[in-house]
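Reading through the structure tokens given below for one structure.
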Amino acid sequence: MVLRIPDPGTARGFVTQHTPFWFHVFYHRWVMKRPLAGKPGYAPYPTYYHPVISRRGLEDYARRQHLRCQGLFSDDFVVDGRGLAGVAFRTAARVLSLLSGGRLTSRYNDLVYLLVKSDTGEAPAAGNS
């Protein structure tokens, strides 16, 4: 199973959690120049964070489901915008990371898990990176 999930431990995840959805739509429409943003079938999509959507939460969930983490990768495949808007967004993410004392990273955005069914029925702790 391959899962790509937002990581709430990133600067982007923090901003996503603490700003309303209309702000995300505004950003995509007016800054990223995507006129259909937020309409059915077009990003951004509402984002919901649940305790399982975290590195520790997903590792615990996988263990309970007898899954083994074959690989864990950071994913920075996100376009922040072109020109000045993109520079401003990336700079803001770095500043937020610094203000958090490094608790929030700006180095990547999402986590990609490669989970496989455990052979023994017991899943070792996930955490390969």
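The values are calculated or read from the model by the stated rules, or taken from the named source; none is laboratory data. Model, not experiment: these values are computed from the prediction. So basically every Cβ, Gly included, is an ideal-geometry build from the backbone, and we count neighbours across all protein chains shown.
From the list L115, L58, L99, which one is within 19 Å of R4 (Cβ to Cβ) and either touching a helix residue (DSSP H, G or I) at 6+ places or on another chain (Cβ under 8 Å) or at pLDDT 90 or above (or both)? Walk me through it before giving the result.
On the way: L58 fails: either touching a helix residue (DSSP H, G or I) at 6+ places or on another chain (Cβ under 8 Å) or at pLDDT 90 or above (or both); L99 fails: within 19 Å of R4 (Cβ to Cβ).
When all the criteria are applied, what remains is L115.
Residue by residue through the range 30-45, note down the ones that are farther than 20 Å from A11 by Cβ and outside any helix (DSSP H, G or I). Scanning the range 30-45 gives K33, R34, P35, L36, A37, G38, K39, P40, G41, Y42.
Taking first residues from the range 1-13 that are under 17 Å from A92 (Cα atoms) and partners that are in a strand (DSSP E or B) and of a type in the set (S, T, Y), the Cβ contacts under 6 Å between residues at least 6 apart in sequence or on separate chains come to T10/T105. Taking the criterion of being among the aliphatic types (A, V, I, L, M), within 30 Å of D119 (Cα to Cα) and surrounded by 14 or more Cβ atoms within 10 Å (Cβ to Cβ), would at least one residue in the range 78-100 satisfy it? Looking through the range 78-100, none of the residues is among the aliphatic types (A, V, I, L, M), within 30 Å of D119 (Cα to Cα) and surrounded by 14 or more Cβ atoms within 10 Å (Cβ to Cβ).
Return yes when R68 is more than 30 Å from G83 (Cβ to Cβ), basic (K, R) and buried (at least 18 other Cβ atoms within 10 Å of the Cβ) and no when it is not. Explain how you work it out, then say what you get.
Numbers: more than 30 Å from G83 (Cβ to Cβ): yes; basic (K, R): yes; buried (at least 18 other Cβ atoms within 10 Å of the Cβ): yes.
Answer is yes for this residue.
Please work out which residue is nearest to the chain's Cα centre (by Cα), limiting yourself to the range 1-58 and to residues that are among the charged types (D, E, K, R) and surrounded by fewer than 13 Cβ atoms within 10 Å (Cβ to Cβ). Only one residue fits best here, namely R4. If you scan the range 61-73, which residues turn out to be at pLDDT below 90 and touching a Lys or Arg at 6+ places or on another chain (Cβ under 7 Å)? Within the range 61-73, no residue meets the criteria. Screening R56 against (1) closer than 22 Å to L114 by Cβ; (2) part of a helix (DSSP H, G or I); (3) touching a Gly at 6+ places or on another chain (Cβ under 9 Å) leaves a single unmet condition, (3).
Annotation note: Cβ proximity below 7 Å between a residue of the range 26-37 that is on the phi < 0 side of the Ramachandran plot and modelled with pLDDT under 85 and a residue that is of a type in the set (A, V, I, L, M, F, W, C) and surrounded by fewer than 18 Cβ atoms within 10 Å (Cβ to Cβ) (sequence gap 6+ or interchain) occurs for V31/A85.
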